[in-house]
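**Q** Before I ask anything, let me first share the structure, which is written out below as structure tokens.
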Amino acid sequence: MNFNTLLVSTENYITTITLNRPDKLNALNAELLLELQQALTQLALDSQTRALIITGSGVKSFAAGADIEELHTCDADSGFEFARRGQKVFDMIENFPVPVIAAVNGFALGGGCELAMSCHFRYAATNAKFGQPEVKLGIIPGYGGTQRLTRHCGVAHATEIICSGIMIDAERAQQIGLVSTVVPQEELMSSCIEIASKITAMAPLAVTASLNAIREQFMPTNEECMIAEAREFARICGTQDFKEGTLAFLEKRATNFVAA
Ligand code: COA
């Protein structure tokens with residue numbers, strides 16, 4: 001499989017997708033999301049893939065969020081589709097027929113954190129940093145973050161992280177159940193391959209049935225919750241503060257929010 005923004009390789013039934021925009025800290029632009037959707041569609045039918053690992057290129061970042069240059073162009077009309085497009089790709093990961101492991105090798109912020117949270121479980125390097133900094137940009141998480149962070153870590157941790165925009169380190173992420181294992185950066189991929197190898201050695205039909213059964217607890221309400229998040233996201237895309245927050249990032253200056 002050849003992509004501009006992804007590297008994809010398969011060995012011993014384990015496929016690795018590497019997000020590959022290192023100069024932009026693997027920020028998720030429209031091209032990357034489309035290519036991720038195409039890769040997932042093909043891999044879901046691939047009998048050689050019995051476990052999937054998603055990671056970021058370089059040692060600094062898993063993914064630093066939605067591409068803010070593209071995000072800045074959203075308004076209240078286009079914001080809904082912007083959110084739904086990302087949500088649908090991440091839903092494909094959550095619904096993927098074999099276990100998906102996020103190998104979080106650095107920043108997992110905004111859409112990057114949301115991508116990691118849509119994977120079935122997360123291993124993190126000691127230098128990993130997680131956060132939903134959208135409020136700093138005058139916006140809210142729109143790729144499922146309000147739902148999945150709450151589901152994974154509970155209302156209190158999710159509210160603290162989303163409403164303050166703070167970054168948390170790998171140690172705290174493990175304490176609150178966001179990641180299952182923390183390892184030194186140089187051991188991250190080998191640790192993920194080790195657990196993926198255990199999975200690929202199990203009965204494939206039983207592994208997929210286990211995923212289906214685990215998903216049962218939240219699937220009936222998931223779609224409605226995602227649509228509610230996308231509506232709020234779109235509403236906030238219509239505000240002056242959203243334009244100010246994203247422009248301030250692009251112009252590398254402090255924000256001046258006016259609550260309008
Ligand atoms: N969208 C678009 N570009 C991004 C980006 C994003 N989400 N995150 C980082 N980049 C770009 C930067 O603009 C910079 O590009 P440039 O070299 O052309 O100026 C490059 O990636 C490197 O980032 P930089 O900010 O210089 O690195 P840093 O080490 O100083 O800071 C972060 C790292 C992650 C703290 C910082 O990049 C950041 O805050 N990113 C935005 C995170 C965010 O708000 N995500 C949610 C988006 S909804």
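The values are calculated or read from the model by the stated rules, or taken from the named source; none is laboratory data. Keep in mind that what you see is a predicted model, and the values were worked out from it rather than measured. Here the Cβ positions follow ideal geometry from the backbone for every residue, glycine too, while neighbour counts run over all protein chains shown.
**Q** Say we look at the range 195-225 and pick out the residues that are touching a Lys or Arg at 6+ places or on another chain (Cβ under 8 Å) and outside any loop (DSSP other than H, G, I, E, B); which of these is surrounded by the fewest Cβ atoms within 10 Å (Cβ to Cβ)?
**A** Pro204
**Q** Next up: Select from the range 129-166 the residues that are more than 10 Å from the ligand (Cβ to nearest atom), β-branched (Val, Ile, Thr) and assigned to a helix (DSSP H, G or I) and write down the one among them that is nearest to Glu223 (Cα to Cα).
**A** Going through the qualifying residues, I end up with Thr146.
**Q** I'd like to check something: does the range 206-225 contain any residue that is among the charged types (D, E, K, R) and either in contact with a helix residue (DSSP H, G or I) (Cβ under 7 Å, 6 or more places away or on another chain) or in the same structural domain as Val98 (by TED's automatic domain parsing) (or both)?
**A** No, that holds for no residue.
**Q** Still on this structure, I have one more. Can you give me the number of residues within the range 143-181 that are surrounded by fewer than 21 Cβ atoms within 10 Å (Cβ to Cβ) and of a type in the set (Gly, Ala, Ser)?
**A** The number of residues fulfilling the criteria is 6.
**Q** Also: Against the condition in the same structural domain as Leu34 (by TED's automatic domain parsing), among the hydrophobic types (A, V, I, L, M, F, W, C), farther than 11 Å from Ala63 by Cα and more than 11 Å from the ligand (Cβ to nearest atom), how does Ala125 come out, does it pass?
**A** yes
One line per residue, one yes/no per condition, for (1) surrounded by fewer than 18 Cβ atoms within 10 Å (Cβ to Cβ); (2) β-branched (Val, Ile, Thr); (3) in the same structural domain as Ala128 (by TED's automatic domain parsing); (4) away from the ligand (no atom under 12 Å from the Cβ):
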site	(1), (2), (3), (4)
Leu25	no, no, yes, no
Leu36	no, no, yes, yes
Asp46	yes, no, yes, yes
Ala51	no, no, yes, yes
Gly65	no, no, yes, no
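**Q** Something else now. List the residue pairs whose Cβ atoms are under 7 Å apart, where the first residue sits in the range 9-36 and is in contact (Cβ under 8 Å) with a residue 24 or more places away in the chain, the second is more than 16 Å from the ligand (Cβ to nearest atom) and of a type in the set (Lys, Arg), and the two are 6 or more positions apart or on different chains.
**A** Final answer for the pair search is Tyr13/Arg50.
**Q** Starting from the range 112-140, keep only residues that are within 18 Å of Arg85 (Cα to Cα), then list their pairs with residues that are crowded, with 24+ Cβ neighbours inside 10 Å and basic (Lys, Arg) whose Cβ atoms are within a distance under 8 Å, requiring at least 6 positions of separation or different chains.
**A** So the pair list comes out as Glu114/Arg148; Ala116/Arg122; Met117/Arg148; Ser118/Arg148.
**Q** Kindly provide the set of residues from the range 69-112 that are surrounded by fewer than 19 Cβ atoms within 10 Å (Cβ to Cβ), in a helix (DSSP H, G or I) and more than 15 Å from the chain's Cα centre (by Cα), ordered by number.
**A** Glu69, Glu70, Ser78, Glu81
**Q** How many of the residues making up the range 226-242 are part of a helix (DSSP H, G or I) and crowded, with 17+ Cβ neighbours inside 10 Å?
**A** 10
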